[in-house]
1. I'd like to know if the stretch 258-269 contains one or more residues that are of a type in the set (S, T, N, Q) and under 20 Å from P195 (Cβ atoms).
2. In the stretch 176-209, which residues are at pLDDT 95 or above and of a type in the set (D, E, K, R)?
3. Please determine, by comparing only the residues of the stretch 94-124 that are under 23 Å from D164 (Cβ atoms) and more than 20 Å from the chain's Cα centre (by Cα), which one is surrounded by the most Cβ atoms within 10 Å (Cβ to Cβ).
4. Taking only pairs six or more apart or across chains, which ones have beta-carbon atoms under 7 Å, a first residue in the stretch 77-104 that is within 12 Å of F52 (Cβ to Cβ), and a second residue that is of a type outside the set (V, I, T) and assigned to a loop (DSSP other than H, G, I, E, B)?
5. For the stretch 245-273, which positions are near the ligand (Cβ under 9 Å from one of its atoms), assigned to a helix (DSSP H, G or I) and either closer than 17 Å to R203 by Cβ or touching a residue at least 60 places away in the same chain (Cβ under 8 Å) (or both)?
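The values are calculated or read from the model by the stated rules, or taken from the named source; none is laboratory data. Quantities reported herein were computed from a predicted structural model and do not represent experimental measurements. Cβ coordinates were reconstructed from backbone atoms using ideal geometry, including for glycine residues, and neighbour counts include every protein chain displayed.
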Amino acid sequence: MLLTDSGGFQLFSLIRENSAYGEIRESEILFRPDMGKEKLIFTPEKCIQAQFRYMSDIMMCLDVCTSPDDSFEVQRRSVDLTVKWAKRCKEEYETQLRARRIRGQRPLLFGIVQGGQYRDLRLECGKRLEEIGFDGYGFGGWPLDSEGHLREDILQDAADAMPDGKVKYAMGLGRPEEIVKLVKMGYNLFDCVIPTREARHQRLYVFREGMETREGVLRPEGDFFRYHRALDEENARDARPVDENCDCALCRSHSRAYLYHLFKTEDPQALRYSTAHNLRFYERLMELLRGDEA
Ligand SMILES: [Zn+2]
């Protein structure tokens, strides 16, 4: 399963940082990768064509991203352009399906809900996107405040703006404690580099004692897991698995001491085992949140 983003967020971030990187125009994004003469033009059509070439299973529309600090006028323009571009993306998507003779199992196309901190704009954007019709809907814009906390008000507005019964995708969010909050808001798809990155940095997720239940993870304080730090000295001679309740390849067969040794000797297996463990932790978290387990 391959999910591809449109690049709208990345272009927005660079251009916001320095306008020499380009400009968001009415019908396209102009990008100067080296802030020099070279120009790249990103259109909704090109963006969809590229995602077909990558053989993506879930594609995102090209949108116009904003920050919650932006004015109403900026958010208004973002919604209007995002909807206009989403329509062009959908048309190009259908053109590609026909040209490539794709029937039956087709890739999915998601629209992105913008509107910044204005609930009315979010709701309007969701409604207009729904009229075009998408397989799922993503949260657009910057989701954190200046201290790195979730802007729960904005995220809730966007979730409310997305039609129920479709996938609601919290783009770029996925720390365990965030997932718990976002599921309550109605989101059901997440993405984040955190589980694999943490694994490579010797940090493995473990449910806290007694928290390995739906009630545990749903506790409002959200303190339902801890980190196992693989290179802590106390692990050097610890024969227990990282998590006695985990059924991943690491926990089933190996001790904390063994993992400590793998990291100490820079054996690449350390990264593989830790990554498998953290991904299994995420699976178990999602199972608990979905209520899969009795
Ligand atoms: Zn494990």
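1. Here is the first cut: in the stretch 258-269, the ones of a type in the set (S, T, N, Q) are 265, 269.
The next check asks that each one be under 20 Å from P195 (Cβ atoms); those that pass are 269.
Yes, the stretch 258-269 has at least one match.
2. R197, E198, R200, R203
3. Once the filter is applied, the top-ranked residue is L121.
4. C89/C61; C89/L62; L97/R106
5. Of the residues in the stretch 245-273, the ones near the ligand (Cβ under 9 Å from one of its atoms) are 245-252, 273.
Narrowing the set further to residues that are assigned to a helix (DSSP H, G or I) leaves 249-252, 273.
Of everything in the stretch 245-273, those that are near the ligand (Cβ under 9 Å from one of its atoms), assigned to a helix (DSSP H, G or I) and either closer than 17 Å to R203 by Cβ or touching a residue at least 60 places away in the same chain (Cβ under 8 Å) (or both) turn out to be L250, C251, Y273.
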